[in-house]
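The values are calculated or read from the model by the stated rules, or taken from the named source; none is laboratory data. The structure presented is a predicted model; accordingly, all values stated were derived computationally and were not measured. Please note: Cβ atoms are built from the backbone with ideal geometry, for glycine as well, and neighbour counts cover all protein chains shown. Surface accessibility is based on the protein's heavy atoms, side chains included, excluding ligands, DNA and RNA. Shrake-Rupley method; radii C 1.70, N 1.55, O 1.52, S 1.80 Å.
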Amino acid sequence: LLAALSLGEARAQGGPPPAPPVQVSAPLAQRVTNWDEFTGRFEASEQVEVRARVSGFLDSIHFKDGDLVKKGDLLFTLDDRDIRAQIDKDEAAIARDEATHKRAEGDLARYQQLLARNAGTQQSVDQATADERSSAATILADRAALEADRLKLSYARITAPIDGRAGAVQVTPGNLVAAGTSGASLVTITQMKPLRVGFALPERDLPVLQGALASGRPIAVAARIPDSGRPAVTGTLNFVDSAVDMSSGTITAKALFANDDFALWPGQFVDVEIAADTLKDVVVVPTVAVQAGQKGPYVFVAKADQTVSLRPVTVALADGDRTA
């Protein structure tokens, strides 16, 4: 509308129409990364189902559903009165058997003295020696039983095996908890940082990974949550499967993301971009400046005399509003 008014005014005044404005941009020599896009899902590097190692009644819970816990934090306490009673019995057995062993040592010493004076027999010395060794072995067994029961006592305090976020607690205080895999999981702890994103590449894109791996450099991977409006986060490729899946014709790869701000969540679908290669010192211009002609893409080059010339170009990479 403004252009039409200006043209009408110029014709009415008998002068030439004003020239339309033209934007000029200086090309830059830049380093440009070529990204290939895939679809992936975030997953935890570690996830542990916490179970009891001894059976007993659940006495107390020391965290809430969804809490962030650190390795070694106390999660559950089991009723340990029966284990403590067994430890008392073990200690009493050790005291009894140490007294027996002391008596056996005294008997052996006396029989040895009698034998030295020709007042005793070798058989008596042999029997006393066997009794002393047997009582000493009994003490060792008692101490092993005590250590085993002390270990069971430590199992009554269930601590976090890893850093992570606790899920929903599956039991409540007062319930009998079974030991081992036969018992129900008490809670699941999921590591939140770092997280991995797993994605599958079609077999035809395998050269992308092969070229990146052959370079020996860290391979950047960007992940963007669709429709979230948040910027992409960057990680590093840390796993490529050893073979192509013949049933699907894909190869699995994984990348590691720090997730220090807990913005990412296990199970989220993401758009994954992998840095296939990097173009160094390429000429970068605005994408709108590249036109399509019968002989291929071209740009107009502004010259010092306020004229332009048409110059054919080869497009190496188009990335949004920039084209290399």
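Listed values, structure above:
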read-out	value
For D67, net neighbour charge (Lys/Arg +1, Asp/Glu -1) across residues whose Cβ lies under 11 Å away	+1
Residue-span extension gain [K295 to D36] - 0.36 nm each, minus C-alpha spacing	90.5 nm
Distance in nm between pseudo-label sites at T172 and T100 (7 Å out along the Cβ direction from Cα)	4.9
Rounded tilt (10° steps) of 206-215 against the dominant C-alpha axis of the chain	80
Of P312, P226, P21, the one that fluctuates the most in a GNM where the chain has Cα springs shorter than 10 Å	P21
Unit charges on C-beta of K, R, D, E only; dipole of the range 126-270, Debye	580
Inter-site label distance for D205 and A145 at 7 Å from Cα along Cβ, in nm	6.4
Binned Cα-Cα distance frequencies in the chain - 20 Å width, integer %	19, 28, 23, 17, 9, 4, 1, 0
Gain in span if fully extended, A318 to T181, counting 0.36 nm per residue against the direct Cα distance	43.9 nm
Two-site label geometry, Q112 and Q306: point separation in nm, points 7 Å out along Cα→Cβ	12.1
Proximal aspartates and glutamates relative to K193, as straight alpha-carbon distance under 12 Å, when same-chain residues fewer than 8 apart are discounted	E43, E46, D163, D260, D261
Selected from T100, L114, S134, residue furthest toward positive end of dipole (the range 76-134; charges at beta carbon)	L114
E43/R157 FRET efficiency (R0 35 Å; Cβ-Cβ; nearest 0.05)	0.70
Listed residues V313, V22, V270 arranged by accessible area, highest first, probe 1.4 Å	V22, V313, V270
